[in-house]
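Take this structure first; my questions come after.
Read-outs throughout are calculated quantities, based only on the coordinates presented, and are distinct from any laboratory measurement. Please read these numbers as outputs of a predicted model, since none were measured by experiment. Reconstructed Cβ throughout: ideal geometry from the backbone, glycine too, with neighbour counts over all protein chains shown.
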Amino acid sequence: MKDNRKDVPMVRFSGFFDAWEQRKLKDISSYIRGSFPQPYTNPEFYDKENGKPFVQVADIGFDLKLNANTKAHISKLAESKSRYVEAGTVVVALQGSIEKSIGRTAITQYDAYFDRTILIFEKYKIPIDKRYFAHVIKKLFEREKERAWGATISTITKEHLNDFIIGIPLIKEQQKIGAFFKQLDNTIALHQRKLEALKLMKKGFLQ
């Protein structure tokens, strides 16, 4: 269904007529950066065998999920100086290369400790569907990267984040959109797996 008003999107699900509120990110959620003791190179901060997952930018996938296994695991010594995050939390990468790293977004699937290069959305000040919110955050960062393309950017500051503007519908419409996005994500993942299988088959014929 199309709507030509400025306070609603051009296309939306039928049955929803309320205007969307335009809110600054700081008025929607509280957020904090992860943390990890320095220096990173201290081997005492890591425990590959018995340590807890330590999420860095490279551990955030491109499908709103963390990679199944993190590259590093932190030791008991590092836990008290690191940021612990429970499963089901929205996170986004603030630092890294503009084309590959900044803006990677996920809804965490497991408890883990998070690096300071990642922003963690802690509490919401209004009713929020996390899948809708995660998709919006990802899109916002994509737009910021497009504006800055060609510039030398290695991080997005908290001050910059505060003024990000997000369109917020009522919670039922958020949930409808979030469920639709989840279905799309699942369909895309299914086709990607089929594509990979076909590539392997093709490779087999060419050997």
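Work from the charge dipole of the chain (Cβ charges, +1 for Lys and Arg, -1 for Asp and Glu, about the Cα centre) and give the residue of LEU94, ASN67, PHE114 farthest towards its positive end.
Looking along the dipole axis, the top candidate is ASN67.
Turning to a different aspect of this structure: Once you put a point 7 Å from the Cα of LEU200 and another 7 Å from the Cα of LEU77, both along the Cβ direction, what distance in nm separates them?
It works out to 4.1 nm between the two label points.
Dividing the convex hull volume of the alpha carbon atoms of the stretch 22-120 by its residue count, what do you get in Å³ per residue?
109
For the residues VAL90, VAL55, what sequence is obtained by ranking on other C-beta atoms within 10 Å, fewest first?
VAL90, VAL55
Looking at the chain as a GNM with Cα springs under 10 Å, which of GLU173, GLU159, GLU21 has the largest mean-square fluctuation?
GLU159
Taking 0.36 nm per residue of separation and subtracting the Cα-Cα distance, what length does fully extending ARG23 through GLU44 add?
In short, 3.2 nm is gained.
Beyond 20 Å between alpha-carbons counts as too far, so tell me which of LYS71/LYS145; LYS26/LYS65; LYS81/LYS125; LYS65/LYS182; LYS139/LYS194 fall in that bin.
The answer is LYS71/LYS145; LYS26/LYS65; LYS81/LYS125; LYS139/LYS194.
Give, in nm to one decimal, the length gained when the segment between ILE171 and PHE13 is fully stretched (0.36 nm per residue of separation minus the Cα-Cα distance).
Difference between extended and current length: 55.5 nm.
Here's another thing I want to ask about it. Between LYS139 and ARG193, what is 0.36 nm times their sequence separation minus the Cα-Cα distance? Round to one decimal in nm.
Extending this stretch completely gives an extra 17.0 nm.
How would the stretch 63-147 be classified by its alpha-carbon gyration tensor: rounded, prolate or oblate, with rounded meaning a/c under 1.5 and the a/b versus b/c comparison settling the rest?
Taking the square roots of the gyration eigenvalues as a ≥ b ≥ c, the stretch 63-147 is oblate.
Can you show me the helix-derived [θ] at 222 nm for the chain, built from DSSP H runs with n ≥ 4 at -39,500 (n - 2.57) apiece and divided by the number of residues, rounded to the nearest 500.
Helix-only estimate at 222 nm: -10000 deg cm²/dmol.
If you wrap a convex hull around the alpha carbons of the chain, what volume per residue comes out, as a whole number of Å³?
With only Cα atoms used, the chain gives 178 Å³ per residue.
Place a +1 charge on the Cβ of each Lys and Arg in the chain and a -1 charge on the Cβ of each Asp and Glu, then give the dipole magnitude about the Cα centre in debye, rounded to the nearest 20.
With Lys and Arg at +1 and Asp and Glu at -1, about 500 debye.
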